[in-house]
Amino acid sequence: GLIADDSGLILGRRTSSSLQHGLWCLPCGYVEYEEDHLTAAVREVREETSLEVRIDAIISVVTNYLQPQVHSLVTVLSASVIGGTLAAGDGLSEARWFPYTGEFPEMAFDADRHIIERYFETDLKGAPVDPIYACTEGVAHD
């Protein structure tokens, strides 16, 4: 999830038990069985950052090439904070706001850097999400 405002965004430092441990990334995770991707995004952000968010748009779909035998298809969603207090949770040792300057901490995934740059350096606002396919209340219903 890309949680951003006009000046910055939230990144989390991955724990030592996770892939790419010690490096920074957007809040992320996996879709659980019988869970749609929008509900999964709201849940993963809550678990990793303690924030309640509203999913606003689909920003992009990208592939992370992690290892020769491991890669992931990532649906990048923009989200707005609607509650909670930022604190590192499941899978993160740190979570904090970073001002967008074009400089990044050491990132876990190249795709995250690409999406963040496109978001801040273009008018990329994404495509609206279709709430008919979500069972969450954290999805925009405009």
Residues (hydroxyl-bearing (S, T, Y) and open to solvent by 70 Å² or more (accessible area, probe 1.4 Å)) located in segment 24-74: Y30, Y33, Y65
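Condition check ((1) at pLDDT 90 or above; (2) buried (at least 17 other Cβ atoms within 10 Å of the Cβ)) across all residues:
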residue	(1), (2)
L92	yes, yes
P99	yes, no
E103	no, no
D110	no, no
E121	no, no
L124	no, no
E137	no, no
H141	no, no
Looking at segment 89-103, which of its residues are hydrophobic (A, V, I, L, M, F, W, C) and in contact with a Leu (Cβ under 8 Å, 6 or more places away or on another chain)? A95, W97, F98
Cross-chain or 6+ apart pairs with Cβ under 9 Å, segment 36-60 first and closer than 21 Å to P128 by Cβ, then basic (K, R) and in a helix (DSSP H, G or I): E52/R46; V53/R46; I59/R118; S60/R118
Tell me which strands (runs of 3 or more DSSP E) are completely within segment 25-132 and hold 1 or more residues being of a type in the set (K, R) and within 16 Å of I3 (Cβ to Cβ), or say none if there are none. 51-67, 92-99
Among the residues of segment 75-90, what is the count of those that are under 17 Å from A40 (Cα atoms), open to solvent by 50 Å² or more (accessible area, probe 1.4 Å) and in contact with a helix residue (DSSP H, G or I) (Cβ under 8 Å, 6 or more places away or on another chain)? 2
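The values are calculated or read from the model by the stated rules, or taken from the named source; none is laboratory data. Since we're looking at a predicted model, the values are computed, not measured. So basically every Cβ, Gly included, is an ideal-geometry build from the backbone, and we count neighbours across all protein chains shown. For the accessible areas, the whole protein counts, side chains as well, though only heavy atoms, and no ligand, DNA or RNA atoms are used. Shrake-Rupley method; radii C 1.70, N 1.55, O 1.52, S 1.80 Å.
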